[in-house]
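Structure, as structure tokens:
No lab work stands behind these numbers, since they all come straight from the coordinates. All values derive from a computational prediction rather than experimental measurement. Note: ideal-geometry Cβ built from the backbone for every residue, glycine included; neighbour counts use all protein chains shown.
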Amino acid sequence: MEFIPIDFSPEHQIWARESISRLELALESASENSRSSLRPFELPPPDEPIASLLFAELLLATPNLQTRLCGYGTGSDGDGSNDAEENDAVGGERVQAIAEQTLSLIAQWFVDLIRSASISFDEQGNRLIQLLTAQKASTLYMMFLGKGFRHCEGRLLQAILSCCEPKAVRVGIDLLVDHPPRDWTDTSLAITALVQTDKWNVSDVFPRLLDSTNPAVLSPALDLANLLVRERGANPHPAASRFDSLLTLLGGVTQQLASMEENPRRFSNSVAEIQKILFNSVSLVVSLCDFFALSGDSRAIGKLTQALDLSHRRIKVEAAFALAKLGEERARNLLLEMVSDDASRPRILAYAHELGIDERIDPQWISSLSKAKSDLAIWLSQPDQFSIPPHHLELVEQRTLVWPGFDGPQECFLIRFEYYLGETTHSNIGFSGPFSQAFSLDLNHLSPDQCFEIFLAHDVEDPSEARYRWDRIPTFSSREAIRLVEELTGQGFQEVQGLAYCEFLGHRAVLCAAIDPQGNPQVVAWDGEMTLTTTPSPSALDLLHLQWKGYHCMDALTLE
């Protein structure tokens with residue numbers, strides 16, 4: 001796509017050139033072999049989003065700047081010593097951070113420009129702006145594709161697809177199919193642009209998007225097509241022309257998963273690679289099951305039955321629902337049998353309602369406790385947590401509490417969760433209610449009161465909160481810290497060693513290592529009113545800090 005250049009204003013020119021200069025200065029600083037040479041990097045937003053096109057144009061017209069952003073030439077000419085290598089690594093990290101920030105900002109400015117163009121320009125001008133934006137974004141995408149910049153690929157694709165101009169959308173779809181991002185989160189981010197609006201033509205996206213053989217693209221593509229049918233009334237289904245090939249694909253991926261269940265090492269010796277294959281395969285099967293459920297075509301029954309035989313709980317639920325939609329009564333019964341599974345229950349309840357069989361569900365599975373268990377199980381299943389649901393959940397304590405940020409008293413639950421890892425078991429206490437959460441800190445030995453206080457402390461924000469290492473206490477706080485240590489010594493603690501000084505909700509405390517009056521080593525919190533102790537461990541300081549904060553949070557709520 002080639003267009004007549006825009007006549008940018010002097011203000012646009014000044015901002016863009018100053019921003020390029022800021023970027024060059026930041027990259028030079030990042031390349032210096034000294035940790036102390038880092039200067040803060042900021043790119044102020046343009047007064048008008050259209051200036052972002054000029055900034056991108058200048059960036060694309062400066063090959064040396066592109067090379068620096070890609071991380072080349074940042075190493076030193078040192079003697080290969082450890083210090084030199086360490087400094088080179090630090091410089092590389094800085095360059096990557098600067099590149100990620102720059103590309104993310106450009107993508108965001110592009111999206112802002114696209115959203116405002118229809119208001120700021122006439123119809124012809126709006127179309128020109130959208131096509132120019134797509135052109136710059138696609139050029140940047142190809143230039144930095146595969147460089148490992150987190151979420152930048154997805155954000156640039158999102159900018160292209162946000163245009164909704166047919167030619168721009170087709171360019172974005174071609175990039176997704178022929179040059180997909182490396183990470184599935186980038187693909188999902190890109191396709192989100194199409195979910196958020198209906199101003200694009202379905203024929204510009206489908207069936208072309210289904211030409212992809214990459215599961216990280218094909219799965220969200222099918223999700224988008226299914227959404228168009230379910231929520232926007234698309235008819236026929238955008239993927240209907242690919243029914244036969246998609247049915248064959250379901251059979252192939254199901255066989256792959258069955259083989260993986262028997263021997264995952266057959267696919268890779270890397271745990272991370274196995275998890276990636278599993279995630280992509282499961283996501284694709286789930287999307288395919290939804291497609292066949294919407295198709296109403298009984299030819300899918302055989303392949304869906306094969307998927308139903310897999311042990312993966314999410315796949316079993318999706319396959320059972322699809323079969324139930326196609327009239328298979330045994331699949332309805334199986335759905336009802338699986339309602340006891342905590343992580344699957346919310347989805348099963350929704351499917352049972354859609355199938356008109358929710359009256360057959362035992363009331364215990366729709367109780368507040370069942371919902372709390374489900375919420376925690378789903379939270380623990382997230383990729384940034386355990387990635388899989390716990391094997392067992394049991395109630396520890398249920399209370400009705402006033403919780404900051406929520407209207408009225410809230411049902412709050414402490415739930416013990418367990419993972420069976422071969423011959424060992426991992427167990428901890430999680431929280432469910434207004435939200436779900438668990439910590440890496442071991443809470444098993446704490447009382448319910450202490451556990452509730454800890455989760456409350458983690459949720460409460462105090463703008464004046466501070467925690468300083470003992471050797472970094474500000475001068476204005478050092479006198480108070482010393483006074484508190486002296487008071488602790490006066491209580492019979494010996495060999496008191498300051499570890500941290502904390503401020504929270506108007507209270508001040510010291511965290512110390514000490515020998516208690518009985519001669520036992522302890523980690524102690526003292527704020528002039530209350531003493532908390534715990535046995536020394538790698539996590540003792542963080543745990544005691546949360547306990548101290550939690551006590552004062554609960555005390556403040558009680559006073560209210």
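Could you state, as a whole-number percent, how many of the C-alpha pairs of region 242-324 are farther apart than 17 Å? The proportion of pairs with Cα distances above 17 Å equals 41 percent.
Counting lysine pairs in the chain whose alpha carbons fall under 22 angstrom apart, excluding pairs fewer than 8 residues apart on the same chain, gives 11.
Rg/Rh for region 389-529 (Cα atoms only, Rh after Kirkwood) is 1.05.
Taking packing as the residue-averaged number of other Cβ atoms within 10 angstrom, the listed peptides 542-551, 392-401 run from highest to lowest as 542-551, 392-401. Database remark: amide H of ARG182 closer than 5 angstrom to the amide H of GLY146 (H placed geometrically; neighbours at sequence offset of 5 or more, or on other chains; Pro and chain starts carry no H).
Counting only C-alpha contacts under 8 Å and six or more residues apart, can you give the relative contact order of region 466-559 as a whole percent? This gives 20 percent for region 466-559. Can you give the translational diffusion coefficient of region 219-268 in µm²/s, computed by Stokes-Einstein from the Kirkwood radius over Cα pairs at 37 °C and 0.692 mPa s? In µm²/s, the coefficient is 259. Helical content alone sets the calculated 222 nm signal of the chain at -18000 deg cm²/dmol, taking -39,500 (n - 2.57) per DSSP H segment of four or more residues and averaging over every residue. Overall form of region 206-366: oblate. Here a/c, set by the Cα gyration tensor axes a ≥ b ≥ c, is 1.5 or more, and a/b is not larger than b/c. Counting charges near GLY550 (Lys, Arg +1; Asp, Glu -1) among other residues having Cβ under 12 Å from its Cβ returns a value of -3.
Working note: Cα gyration tensor of region 367-458, eigenvalues times five, square-rooted, sorted largest first, giving semi-axes of 22, 14, 12 Å.
Percent of C-alpha pairs per 5 Å bin in region 466-559, short distances first: 3, 14, 28, 25, 19, 9, 3, 0.
Entry for the chain at q = 0.05, 0.06, 0.12, 0.13 Å⁻¹: log10 I(q)/I(0) = -0.31, -0.44, -1.30, -1.31, Debye formula applied to identical alpha-carbon scatterers, no solvent contribution. The Cβ shell under 13 Å around ALA190 holds other residues with a net charge of -3, Lys and Arg each +1, Asp and Glu each -1. Here the Karplus relation 6.51 cos²θ - 1.76 cosθ + 1.60, evaluated at θ = phi - 60°, turns the backbone of region 316-323 into coupling constants of 4, 5, 5, 5, 5, 5, 4, 5 Hz, with x for every Gly and Pro.
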